[in-house]
Amino acid sequence: MKLLYLSRADVEALDVSMGQVIDAVEAGFKLKGEGKTQMPPKTAIHPRGDGTFLHAMPAYIGGDMDLATLKWVGGADDNHKLGLPTISGLIVVNDPDTMFPLAIMDCIWVTAMRTGAANAVAMKYLGPPDAQQVAVLGCGVQGRSNLVAMAAHYPNIKRCRAWDPNADALSKYVGEMGERVGFEVEPVDSPESAVRGSDVIVTAGLSPRDPEPYIPFEWLEPGAMAAPVDYNGSWMQDALQGVDKLVVDDHAQMDYYRNKGYFANTPRPCADLGEVVAGLKPGRERDDEITMSMCMGIAVDDCVTAGILYKAARERAVGTELPL
């Protein structure tokens, strides 16, 4: 009995596109909305307090996918001081019949890509039909993957306005991402300059329990969409209350975090994204509707993304066979 090990280099070498991940994540949300998935909320430990976490994230996807996975993912805010990425971890892929592990793979690429892909799915159902100017606030890994996802979903983007409190991070982002996405990435000196006039706004900063939000509702244009990756860390209460629709990726996960002290001033969402994708609840209904999709990152997204990587690795004989 053997299982397949895929290092981060192996995963990246498979060259799975953002478009492929978006399609898989959308299919996963549809199955979730139809009740064909199993996914308890994240289970967390914090060995060094709120600046660190380890999450266990199991999921089962039914339908044609028929796959079970577990992501064991960690993060530490001070990893950059050691020259390490903030996020690290592994995904275990299991056979849903025998329950035996089939593969273990690095999760850094998966976590970045599936989060951007989930927001792109949300943009399809909740965002404006065409976006020409977008904004990214927070120029780390998620700021990058979300811009790639927006570029995949919106072919007519002309400009991204980017902001980060760290000038070096902003400069690197502008230099790297403009060439990568093929449209102008413009650095701006304030959050307001990024948000005003933008069709879609992604915030990708930290997600503290007691946030210090800085984006008010008045900066949002009619028809705009907010897509926070950082929970409610960037958005003031009047913005959270003022949007016409607030959708999350999973009700139970939001409730879990409410019980931990997060989302204190955040209203109840009108739907989760699976319900919208499955047609059970409406997405955008008017051109001037202001929407917000708060994707916290769920195990279903990891499961479907790991599934396409595992299939591609088997087809292309990538990875290392290990004895179980």
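All of the numbers you see were taken from the coordinates with simple rules; none came from a lab. Please read these numbers as outputs of a predicted model, since none were measured by experiment. Cβ: placed from backbone, ideal geometry, glycine included. Neighbour counts: every protein chain shown.
Brief remarks follow.
- Residue exposure sequence - Met225, Met39 - by fewest surrounding Cβ within 10 Å: Met39, Met225
- Across region 185-300, the mean sequence separation of Cα contacts (distance under 8 Å, 6 or more residues apart), normalised by length, yields a relative contact order of 30 percent.
- Counted over all Cα-Cα pairs of region 237-281, pairs farther apart than 16 Å make up 40 percent.
- Of all beta bridges that DSSP places with both ends in the chain, some 50 percent have antiparallel geometry.
- Only DSSP H runs of four or more residues enter the estimate; each adds -39500 (n - 2.57), and after division by the residues of the chain the mean residue ellipticity at 222 nm equals -10500 deg cm²/dmol.
- Over all orientations, region 126-298 has a Cα convex hull whose mean projected area works out to 9.1 square nanometres.
- Prolate/oblate/rounded call for region 32-151, Cα gyration tensor, a/c under 1.5 rounded: oblate
- Loop-located trypsin sites (Lys or Arg not before Pro) in region 97-146, at most 16 other Cβ atoms within 10 Å (DSSP): none
- Evaluated at q = 0.13, 0.15, 0.21 Å⁻¹, a Debye calculation over the C-alpha positions of region 112-220 (equal weights, vacuum) places log10 I(q)/I(0) at -0.42, -0.57, -1.17.
- Compared with the rule-of-thumb size 2.2 N^0.38 Å for a compact globular protein, region 153-197 has a Cα radius of gyration ratio of 1.13.
- Taking 0.890 mPa s as the viscosity and 25 °C as the temperature, the Stokes-Einstein diffusion coefficient of region 195-234 based on its alpha-carbon Kirkwood radius rounds to 232 µm²/s.
- Förster radius 25 Å - calculated FRET efficiency between Gln132 and Leu84, Cβ distance, rounded to 0.05: 0.10
- Taking other C-beta atoms within 10 Å as the exposure proxy, Leu273, Leu6, Leu84 rank Leu84, Leu6, Leu273 from fewest upward.
- Highest average packing first - 255-262, 53-60, 233-240, Cβ atoms within 10 Å: 233-240, 53-60, 255-262
- Once the Cα-Cα distance is subtracted from the 0.36 nm per residue extended length, the Glu212 to Ala167 segment shows a gain of 14.2 nm.
- Put simply, region 1-46 fits an ellipsoid with semi-axes of 24, 19, 13 Å; these come from the alpha carbon gyration tensor as the roots of five times its eigenvalues, largest first.
- Taking Arg284, Arg180 and counting other C-beta atoms within 10 Å, the order from fewest to most: Arg180, Arg284
- Cα shape, region 263-322, gyration tensor, a/c 1.5 rule: prolate
- Positive minus negative residues near Leu273 (Lys, Arg vs Asp, Glu; Cβ under 9 Å): -3
- Span from the region 226-292 Cα centroid across to the region 138-196 one, whole angstrom: 23
- Cβ crowding within 10 Å averaged over residues, with 8-17, 69-78 ranked highest first: 69-78, 8-17
- Available extension along the chain between Ala264 and Ser193 is 22.8 nm, counting 0.36 nm per residue and deducting the alpha carbon span.
- Shape of region 207-324, Cα gyration tensor, a/c cut at 1.5: prolate
- Charge context of Trp72, other residues only, Cβ under 14 angstrom, K/R +1, D/E -1: 0
- Compactness relative to 2.2 N^0.38 Å, alpha carbon Rg of the chain: 0.95
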